[in-house]
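Structure record follows, encoded as structure tokens.
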Amino acid sequence: MSKFVSIRNIRFMIKEVFDSKSLTEYDYYSKHTEKMFDMVIDEALTLAVKLMYPVLEEMDKNQPVLENGQVKVHKSVKKIMKEFGQGGWIASGFSEAHGGDQIPLIIRGTISFIFAASNYSAAAYPELTAGAAELITSFGSKELIDTYVPKMLDGKWQGTMALTEPQAGSSLSDITTTAYPDKNGRFKIKGVKTFISAGDHDGVGNIIHLMLARIENAPSGAKGISLFVVPKKRTDENGNLIFNDITTTSIYHKLGYRGAPATELSMGEKDDCLGWLVGEENKGLSQMFQMMNETRILVGLGSCAIASAAYLAALEYTEQRPQGRPVTQKDPKSRQIPIIEHADVKRMLLFQKSVVEGSLSLVLQCSMYADLIKVSRKDEKEKYELLLDLLTPVAKAFPSEYGISSISNAIQCFGGYGYCDDFPVEQYFRDIRIHAIHEGTTGIQGMDLLGRKIVMKNGRAGLLFIEEVNKTLKTALEIGGLEFFAHKLQNAINQLEKVAGFLINIVGKKGIDVYLSDATLFLEFYGLIVISWQWLIQGIAAKKALSQDCSKKDKNFYKGKVFTMDYFFRYELPKILGLAARLMDNDNLTVNMKTAYFKD
């Protein structure tokens with residue numbers, strides 16, 4: 001166990017729970033073996049321990065600064081990008097045709113989890129670059145791919161997502177950045193982008209923005225948005241890099257995630273910012289959502305990773321910190337016990353463990369679906385696409401929201417010390433807070449789940465999810481000792497069907513605004529059921545292992561899994577009853593509340 005991830009848990013997940021080795025039976029992944037997966041994960045941990053974790057605190061305390069129009073970041077960023085490029089980490093998930101290793105996403109996600117847990121700010125630079133490069137390879141011309149992707153995958157150039165604007169926020173249909181076509185097939189870009197992560201810095205030679213803009217005279221709203229490559233520096237006719245009229249006007253001083261800059265960018269102040277169209281005109285939002293959906297899953301993964309580091313810090317502290325005595329011990333002269341022996345501390349640790357390992361399980365489940373989409377036949381592919389679409393808002397939101405609570409419990413385990421910077425948990429608390437906001441707030445995820453995903457294809461995705469759960473229930477009932485959990489989850493699914501049916505009936509009677517008014521609560525309700533499903537899947541794997549000969553250490557690990565599953569089913573899953581009562585109440589309180597009532 002490292003200071004930030006449990007490698008034992010990771011191996012349990014990818015081997016015993018999800019059987020990642022089975023992917024190597026498909027041609028696309030056939031060059032890989034389980035041994036290779038183990039080696040990659042070991043190398044990732046080594047890199048994280050040696051290169052990223054040692055500068056976690058430094059990058060937080062020494063934030064990026066804007067000097068003379070250039071953002072300067074911690075000196076380690078340049079080394080990290082170089083190591084990630086030369087080591088093939090940025091390219092690892094790309095096809096061999098684009099210089100990658102075709103590593104399955106479930107392994108790629110595991111690697112990202114390790115890096116993010118060690119130092120989330122540092123991990124963001126290569127992660128953003130990989131996402132931007134993938135957009136170019138998916139939709140860009142050969143010329144764009146050849147011009148930008150090799151240097152991005154080599155870690156020499158940074159990639160970004162440039163979506164948000166000051167006046168639009170999450171409402172991307174209201175962006176005003178404009179692209180004016182010129183006679184050479186290029187576009188002059190004018191506008192302002194804000195909150196652009198890694199939008200400018202001196203750790204690389206160039207910044208490549210994947211930017212949303214509206215071509216002059218394009219349709220209003222989302223239907224008129226296109227996607228462009230807009231580099232900070234463009235190549236002139238002699239092959240030299242020259243300034244492309246993108247100015248960093250400010251950087252934001254953030255609560256956490258301080259090691260990576262969030263910038264405001266102004267394009268075309270001198271009427272000389274050029275961009276190149278990616279894919280078709282007016283298709284930018286749908287193209288960007290490929291990266292955004294993957295990024296949403298990565299945000300969930302990052303939340304889980306930060307919460308993992310906080311949980312393991314709390315676990316180590318509670319094992320070492322003596323305080324108090326058993327409630328049954330009345331002798332004040334008796335020896336104090338480690339605080340982990342107190343029942344309430346165990347409860348807080350169980351909450352953290354259940355959130356971290358349950359969330360990781362869900363994200364890896366989504367990664368497995370993404371891998372199967374790549375290799376499956378048409379009918380199976382559609383099934384996995386629908387399941388992935390359905391679970392993406394949960395995979396983003398549950399770890400983000402419950403991760404905050406998890407780290408709050410970690411701070412509580414430290415007592416007053418957790419509130420101070422003597423220990424890293426206060427930084428983890430600050431670092432995770434953004435995850436419920438960026439790449440679509442929790443409210444947006446709730447509306448996506450209830451407004452789109454639950455009802456798409458006449459509810460097909462929701463039915464497929466229930467089929468997946470039913471398969472798990474069948475397996476659980478075949479294994480002794482899991483009947484209680486199977487019945488509890490079946491009852492939860494029954495409750496889900498009842499709540500979903502009630503809400504869908506509301507649309508025709510009271511309108512879409514009432515239907516979506518408590519979408520965030522529905523998202524939490526749904527998330528608790530989904531994570532319970534994931535815990536039952538883990539419980540099945542743990543019970544199977546316990547039925548065989550295993551070492552004392554392994555036996556403790558598997559029993560820990562069963563106890564944590566038991567905790568989640570008894571402490572967290574029952575929360576759906578209160579949420580269900582609220583969701584099926586007819587009072588329409590938040591819709592009927594007048595804004596004037598908030599004022600003094």
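Listing for the model above:
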quantity: Lone unmet requirement of (1) open to solvent by less than 10 Å² (accessible area, probe 1.4 Å); (2) within 17 Å of Cys273 (Cβ to Cβ) for Ile111; calculated: (2)
quantity: Qualifying residue in region 297-307 (condition: open to solvent by 10 Å² or more (accessible area, probe 1.4 Å) and in a helix (DSSP H, G or I)); calculated: yes
quantity: Selection count, region 37-60, where residues are in contact (Cβ under 8 Å) with a residue 24 or more places away in the chain and basic (Lys, Arg); calculated: 0
quantity: Ser118 being hydroxyl-bearing (Ser, Thr, Tyr) and under 24 Å from Asp431 (Cα atoms); calculated: yes
quantity: Residue among Ser400, Ser405 that is among the polar types (S, T, N, Q), assigned to a helix (DSSP H, G or I) and surrounded by fewer than 24 Cβ atoms within 10 Å (Cβ to Cβ); calculated: Ser405
quantity: Answer from Asn282, Asn217 - the residue that is in contact with a Ser or Thr (Cβ under 8 Å, 6 or more places away or on another chain), more than 16 Å from Ala132 (Cβ to Cβ), polar (S, T, N, Q) and open to solvent by 10 Å² or more (accessible area, probe 1.4 Å); calculated: Asn282
quantity: Residues located in region 152-194, provided they are small (Gly, Ala, Ser) and modelled with pLDDT under 95; calculated: Ala162, Ala168, Gly169, Ser170, Ser171, Ser173, Gly185
quantity: Residue among Phe243, Phe228, Phe289 that is open to solvent by less than 10 Å² (accessible area, probe 1.4 Å), free of Cβ contacts under 8 Å to residues at least 60 places away in the same chain and of a type in the set (Phe, Trp, Tyr); calculated: Phe228
quantity: Every residue from region 167-202 that is among the small types (Gly, Ala, Ser) and either outside any loop (DSSP other than H, G, I, E, B) or open to solvent by 10 Å² or more (accessible area, probe 1.4 Å) (or both); calculated: Ala168, Gly169, Ser170, Ser171, Ser173, Ala179, Gly185, Gly191, Ser197
quantity: In region 363-396, residue nearest to Gly527 (Cα to Cα) [restricted to those that are in contact with a Phe, Trp or Tyr (Cβ under 7 Å, 6 or more places away or on another chain) and open to solvent by less than 10 Å² (accessible area, probe 1.4 Å)]; calculated: Val394
quantity: Flag if Gly87 is out of contact with any Pro (no Cβ under 8 Å at 6 or more places or on another chain), in contact (Cβ under 8 Å) with a residue 40 or more places away in the chain, among the small types (Gly, Ala, Ser) and under 24 Å from Ile196 (Cα atoms); calculated: no
quantity: From the options Val65, Val149, Val71, Val77, residue that is open to solvent by 10 Å² or more (accessible area, probe 1.4 Å), at pLDDT 95 or above and hydrophobic (A, V, I, L, M, F, W, C); calculated: Val65
quantity: Evaluation of Tyr597 against (1) within 30 Å of Leu349 (Cα to Cα); (2) open to solvent by 100 Å² or more (accessible area, probe 1.4 Å) (one fails), failing number; calculated: (1)
quantity: Whichever residue in region 91-108 is within 24 Å of the chain's Cα centre (by Cα) and of a type in the set (A, V, I, L, M, F, W, C) and, among such residues, is most open to solvent (accessible area, probe 1.4 Å); calculated: Leu105
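Quick grid of which residues meet (1) open to solvent by 30 Å² or more (accessible area, probe 1.4 Å); (2) closer than 30 Å to Asp371 by Cβ; (3) in a helix (DSSP H, G or I):
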site	(1), (2), (3)
Asp38	yes, yes, yes
Leu45	yes, yes, yes
Ala48	no, yes, yes
Leu56	no, no, yes
Asp60	no, no, yes
Trp89	yes, yes, no
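The values are calculated or read from the model by the stated rules, or taken from the named source; none is laboratory data. Bear in mind that the values here come from a model prediction, so they are computed numbers and not experimental data. As a convention, Cβ positions derive from the backbone with ideal geometry for all residues, glycine included, and neighbour counts pool all protein chains shown. Note: areas computed on protein heavy atoms with side chains; ligands, DNA, RNA excluded. Shrake-Rupley method; radii C 1.70, N 1.55, O 1.52, S 1.80 Å.
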